[in-house]
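Down below is the structure, laid out as structure tokens.
Read-outs: derived from the displayed coordinates by stated rules, not from any lab. Bear in mind that the values here come from a model prediction, so they are computed numbers and not experimental data. Cβ sites come from the backbone with ideal geometry, for glycine too, and all protein chains shown count toward neighbours.
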Ligand SMILES: Cc1cc2nc3c(=O)[nH]c(=O)nc-3n(C[C@H](O)[C@H](O)[C@H](O)COP(=O)(O)OP(=O)(O)OC[C@H]3O[C@@H](n4cnc5c(N)ncnc54)[C@H](O)[C@@H]3O)c2cc1C
Ligand code: SF4
């Protein structure tokens, strides 16, 4: 029997080598690509993300057709509500024996495909593992099994050995696994930051931009500044640019907060890896070659490879290991509503306003802005964990639940019962001052804790310690801070906590 199959390709599966497409027989099977309202609207996605995915999907369609595939493309103006409905549209028109799909990156959708689709479509649905990731579910479960603590560092070492990245004769290159200590420099205008090259906007992308502006008028994102690659070729050019002009300084300034540049020396590639335009193993191998050829230091190469091979795979492993229960966690019972300035960046806190503004306008903030500026604020102010997670999922161009949720709930908000972080990433204004130059432009003073010109992060930090003394007092990595706080004059402590309470009440 040689009946055709329906191959469903999601917007973040735009790789020719993904498992479902590998099964597709050109000229026989039908490949479905669908711009559906449900996926575009279940949170208020940034317009940059919608435009990236719609344009990349339309370009991918052309690539598939050039390879001889029969593609059924449903565009947003056809008003198809869900992927399931899109599949039904195709099944009503074609004789198909089976639906084949590479597993989605979100539990909600996987659950629908597993339990609802076979019944509603009256058709077997074959869900294949997404083997574009470098650790399979089984690999991660095996690694996690029997461990009390699931620390990224040990997972990362296994992955280095397995993929033979930065390894010399069975040992880590340079004799150390981790060069993180070299990668924490603050920003004092030490370098010129190179200008990023523009990606040209073709007629397909221009059309998508106009449609997205018209259909999603209330979503964040200023598309007059859309500069994202929408094809594999352009994404690879962007990555080549990064390796040539930014990688050498990537490691050193990975944690820097720079008033003048949202991108600093970062890769700006997560949005491409996550939707399939770049391959995670290939980018790691390319960076290793750059190091071996003397184009960057070992700490820069190791810093980069740790993020992609280590953090990215580990975060995904945690998501699938612990979902769906993971999403219900809220260790610190954080429940305050989001302040309005999360939607308009209108706050005098310069670091926060810059980070939120660029997140809304471009759909991008680098890791330390997400973790130590916005996330730290949300953690200290006790903002509702699910509201914060929805904000991150909506705002960033690279956001999908498998990667956003553990990073936000676990790493930034310390909300997952300490699975990801052994201590909260909580910091006062001093840290932000040390890492960059925002404080010089701010009306608040990072050295002051209370009073109208005091940096809000300071009193919020101590209020956070005060509120969670019982939780953190016994944590060996927080014990000293908690003990110092306990030793302080009770009247001083009360003044600081009341000052922070007053600010939080005004914001939320
Ligand atoms: C609260 C919070 C939310 C986040 N949400 C997302 C998200 O929705 N999607 C997303 O891809 N990343 C997320 N991250 C991780 C990280 O911030 C982004 O991957 C990174 O900022 C993307 O920019 P870049 O490509 O310039 O990265 P670079 O700084 O150049 O790093 C290189 C690559 O490493 C990978 N990487 C680095 N750190 C992580 C990490 N912690 N988890 C997964 N991959 C990582 C990414 O693929 C990234 O492109 C989040 C981090 C935090 C703290
Ligand atoms: S003073 Fe405080 S609020 Fe202002 S930029 Fe510095 S850390 Fe941010």
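In this label model, residue 477 and residue 161 are separated by 2.3 nm, measuring between points 7 Å along each Cα→Cβ vector.
The spacing between region 6-81 and region 123-199, judged by their C-alpha centroids, is 28 Å. For region 260-321, rounded, prolate or oblate, judged on the Cα gyration tensor with a ≥ b ≥ c (square roots of eigenvalues), a/c < 1.5 rounded, else prolate if a/b > b/c? Since a/c reaches 1.5 and a/b is larger than b/c, the shape of region 260-321 is classed as prolate.
Counted over region 64-189 with a bin width of 5 Å, the fraction of Cα pairs per bin, in whole percents, is 2, 7, 12, 12, 13, 11, 8, 9, 10, 9, 5, 2, 0. Translational diffusion of region 341-507, estimated by Stokes-Einstein from the Kirkwood radius over alpha carbon pairs at 25 °C in a medium of 0.890 mPa s, is 150 µm² per second. Helix 232-241 and the long axis of the chain differ in direction by around 30°, with both axes built from C-alpha atoms.
Normalising the average separation of contacting C-alpha pairs (under 8 angstrom, six or more residues apart) by the number of residues puts the relative contact order of the chain at 16 percent.
Over all alpha-carbon pairs in region 313-361, figure out the percentage whose distance exceeds 13 Å.
Working: 807 of 1176 pairs.
In whole percent, the long-distance tail amounts to 69.
Before anything else, pin down the relative contact order of region 25-176: Cα pairs under 8 Å, at least 6 apart, normalised by residue count, whole percent.
Working: 123 pairs, mean separation 29.6, N = 152.
Over region 25-176, the number comes to 19 percent.
With axes computed from alpha carbons, what is the tilt in degrees of helix 385-395 against the longest principal axis of the chain, rounded to the nearest 10 within 0 to 90? Here the helix axis deviates by roughly 60 degrees.
Going highest first, how would you order 489-499, 404-414, 450-460, 351-361 by mean Cβ packing within 10 Å? Working shown, then result.
On the way: 489-499: 13.9, 404-414: 25.5, 450-460: 20.1, 351-361: 22.8.
Top to bottom by mean Cβ count within 10 Å: 404-414, 351-361, 450-460, 489-499.
Taking a quarter of the surface of the Cα convex hull of the chain, what do you get in nm²?
Details: hull surface 99.8 nm².
Over all viewing directions, the chain projects a mean Cα-hull area of 25.0 nm².
Could you work out how much longer the chain between residue 145 and residue 190 gets when fully extended? Use 0.36 nm per residue separation minus the Cα distance between them, nm to one decimal.
Details: separation 45, 0.36 × 45 = 16.20 nm, distance 4.51 nm.
Answer, rounded to one decimal: 11.7 nm.
Under the simplified labelling scheme, the residue 207-residue 260 pair shows an inter-label distance of 4.1 nm, with each label point 7 Å from Cα along Cα→Cβ.
Region 382-415 and region 302-320 have Cα centres lying 16 Å from one another.
Each eigenvalue of the Cα gyration tensor of region 425-508, multiplied by 5 and square-rooted, gives one semi-axis; in descending order these are 22, 16, 11 Å. Computed from the C-beta positions of residue 348 and residue 78, the FRET efficiency with R₀ = 45 Å rounds to 0.45. The equivalent ellipsoid of region 215-371 has semi-axes of 29, 21, 17 Å, largest first, where each one is the square root of 5 times an eigenvalue of the Cα gyration tensor. Zone of residue 487 (label point 7 Å along Cα→Cβ, backbone N under 20 Å): which residues in region 423-437? Residues 428 fall inside that zone.
Can you give me the angle between helix 152-163 and the longest principal axis of the chain, using Cα atoms only, in degrees from 0 to 90, rounded to the nearest 10? With both axes taken from Cα atoms, the answer is about 40 degrees.
Length gained on full extension, residue 115 to residue 218, computed as 0.36 nm times the residue gap minus the Cα-Cα distance: 33.7 nm. The smallest convex shape that holds all Cα atoms of region 5-128, its convex hull, gives 98 Å³ per residue.
At a threshold of 8 angstrom on Cα-Cα distance, excluding pairs fewer than six apart, so keeping six or more, what relative contact order does region 323-409 reach in percent?
Over region 323-409, the number comes to 33 percent.
For residue 28 and residue 180, what is the calculated FRET efficiency with R₀ set at 56 Å and r taken between the beta-carbons, to the nearest 0.05? So, using R0 = 56 Å, E works out to roughly 0.65.
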